[in-house]
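Each remark here refers to the structure printed beneath this line.
The values are calculated or read from the model by the stated rules, or taken from the named source; none is laboratory data. It should be emphasised that the depicted structure is a prediction, and the values quoted were computed from it without experimental measurement. Here the Cβ positions follow ideal geometry from the backbone for every residue, glycine too, while neighbour counts run over all protein chains shown.
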Amino acid sequence: MFDLKLTNATLPDGRTGVDIGVSGGLVTAIEADLGGEAGEVIDAGGQLVSPPFVDCHFHMDATLSLGLPRFNESGLLLEGIQIWGELKPLLTQEAVVDRALAYCDLAVSQGLLAIRTHVDICDDRLLGVEALLEVKRRVAPYIDLQLVAFPQDGYYRSPGAVDLLDRALDMGVDVVGGIPHFERTMADGAASVTALCQIAEKRGLLVDLHCDETDDPLSRHIETLTYETQRLGLNGRVAGSHLTSMHSMDNYYVSKLLPLMAEAGVAAIANPNINIGIQGRHDTYPKRRGMTRIPEMLTYGITAAFGQDCMMDPWYSLGQADMLEVASMGLHVAQMTSRNAMRQCFAAVTTGPAEILHLDGYGVEVGCKADMVLLQAADPIEAIRLKATRLAVIKGGKVISRTAPRQSKLSLTGRPEILDPAKVGPRL
């Protein structure tokens, strides 16, 4: 007897026509024509059943604050930071919690069930930390929320940030964050990387630094982060976010850097929508794309992922918690258009970030947690192309969100009345 059974499913690895049995919140069977009764049966109709989407880079303390106290007219990263600095003294815990919970509701409807969010600790009140710890408690039944202690104004540059980061970690924040390229000098930036990695090593925590989010090819803090990862034995526990300076670096230098990252097990998190929107703003033509070298990293076996970063905040006025939209942007920016590369883009919003977050029991395999998304698409490539409707979102073996299939009614004489975009494919 299963609690839930999905029949006639397609899996991301290409298996088709399989049934998935769920009992006690776990996937307990995957096979064709799976027998046994079930409390609920969902006919997948040959469509894709995926593990949930994972966003490994977000700023939930700022989400849905667009226009407060003003809009970012230049589109520059630094104006966004300035606006956020103006907003911080005006924040209330209730407002931050309310906006974050509204975002989490949207995320669930999009099949996004695991999020790593950076939370600004450069505030004597640590209001954002308290607010997101409360949000984490409230959403725990349906979202795995991981918090990063993020010194937005610089670990050394912002007065008091050294103590505030320790306080945030003592309160229960999960990951050590930083922003070395925003320190006053390159030397201070490198010193901050060393100090932050030492904190993580001492506390047994993960590391995720905003690293080299600039067009300056001489911003090379990723090199220091890679070195400290190796020196302190943090292999597999460290991620560099953004890494946009690598887009402008000399190819010879990158040919040395990428093998070192692979050796140290340093992961890379690109944020395509934000990187393409913010970077290259000082260029005339040609304009740099700004996103880091994801295809090259993958060839070295570096764990790479796409994050959403922002939604309707001082840095980005759009977004809808849709990781397929993020995967699509990453695909286009990186020109990852081969069949295998497009599947890698799907992995960059599912299995890749799940590995970076060290999620336990993630995947659609026997023994994994029964967290899944039924998508209105035949395979991962179709899911990205169509920004596929999330027909059912399942957490712990229970359906927590449903969306009707996307269909259009046509009124053209002699043409089919109902059009399902997921069934429009190549023609001979």
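Numbers for the structure displayed
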| read-out | value |
| --- | --- |
| Qualifying strands (runs of 3 or more DSSP E) (wholly inside the stretch 325-428; at least 1 residues being in the same structural domain as GLY25 (by TED's automatic domain parsing) and under 30 Å from MET291 (Cα atoms)) | 372-375, 390-395 |
| Count of residues meeting criterion [crowded, with 24+ Cβ neighbours inside 10 Å and either over 30 Å from ASN8 (Cα atoms) or of a type in the set (Asp, Glu) (or both)] in the stretch 48-81 | 9 |
| Total residues in the stretch 213-252, condition in contact with a helix residue (DSSP H, G or I) (Cβ under 9 Å, 6 or more places away or on another chain) and either part of a helix (DSSP H, G or I) or at pLDDT below 95 (or both) | 16 |
| Test: residue in the stretch 133-147 that is surrounded by 24 or more Cβ atoms within 10 Å (Cβ to Cβ), more than 17 Å from ARG99 (Cα to Cα) and of a type in the set (A, V, I, L, M) | no |
| Residue under evaluation ALA38, criteria (1) surrounded by 18 or more Cβ atoms within 10 Å (Cβ to Cβ); (2) in contact (Cβ under 8 Å) with a residue 60 or more places away in the chain; (3) not assigned by TED's automatic domain parsing to the domain that holds ALA268, criterion not met | (2) |
| Test result for THR303, touching a helix residue (DSSP H, G or I) at 6+ places or on another chain (Cβ under 8 Å) and of a type in the set (Ser, Thr, Tyr) | yes |
| Residues satisfying the stated conditions in the stretch 168-198, i.e. out of contact with any helix residue (DSSP H, G or I) (no Cβ under 7 Å at 6 or more places or on another chain), crowded, with 16+ Cβ neighbours inside 10 Å and over 20 Å from HIS221 (Cα atoms) | ASP174 |
| Among the residues listed as LEU66, LEU78, the single one being of a type outside the set (Val, Ile, Thr), at pLDDT 95 or above and assigned by TED's automatic domain parsing to the domain that holds MET312 | LEU66 |
| Of the criteria (1) crowded, with 24+ Cβ neighbours inside 10 Å; (2) out of contact with any Leu (no Cβ under 7 Å at 6 or more places or on another chain), which one MET323 fails | (2) |
| Matching option when the condition is assigned by TED's automatic domain parsing to the domain that holds GLY397, touching a Cys at 6+ places or on another chain (Cβ under 9 Å) and of a type in the set (Val, Ile, Thr), among VAL27, VAL22, VAL18 | VAL27 |
| Subset of the stretch 289-314 [within 24 Å of GLN82 (Cα to Cα), part of a loop (DSSP other than H, G, I, E, B) and modelled with pLDDT of 95 or more] | MET291, GLY307, GLN308, CYS310, MET311, MET312, ASP313, PRO314 |
| Every residue from the stretch 329-367 that is among the small types (Gly, Ala, Ser) and more than 12 Å from PRO380 (Cβ to Cβ) | GLY330, ALA334, SER338, GLY352, ALA354, GLY361, GLY363, GLY367 |
| Where a residue in the stretch 175-202 is within 22 Å of MET246 (Cα to Cα) and its partner, wherever it lies, is of a type in the set (A, V, I, L, M, F, W, C) and assigned to a helix (DSSP H, G or I), with Cβ under 6 Å and at least six apart | GLY178/LEU196; PRO180/VAL193; VAL193/LEU225; CYS197/LEU232 |
| Lone qualifier among ASP313, ASP283 - being within 16 Å of THR117 (Cβ to Cβ), in contact (Cβ under 8 Å) with a residue 40 or more places away in the chain and either charged (D, E, K, R) or surrounded by 20 or more Cβ atoms within 10 Å (Cβ to Cβ) (or both) | ASP313 |
| Qualifying position, being under 30 Å from VAL135 (Cβ atoms) and out of contact with any strand residue (DSSP E or B) (no Cβ under 9 Å at 6 or more places or on another chain), among GLY85, GLY25 | GLY85 |
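Yes/no per residue for (1) on the phi < 0 side of the Ramachandran plot; (2) buried (at least 17 other Cβ atoms within 10 Å of the Cβ); (3) within 20 Å of the chain's Cα centre (by Cα); (4) of a type in the set (Gly, Ala, Ser):
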position: LEU205; (1), (2), (3), (4): yes, yes, yes, no
position: ASP208; (1), (2), (3), (4): yes, yes, yes, no
position: ASP212; (1), (2), (3), (4): no, yes, yes, no
position: PRO217; (1), (2), (3), (4): yes, no, no, no
position: HIS221; (1), (2), (3), (4): yes, yes, no, no
position: VAL238; (1), (2), (3), (4): yes, yes, yes, no
position: SER255; (1), (2), (3), (4): yes, no, no, yes
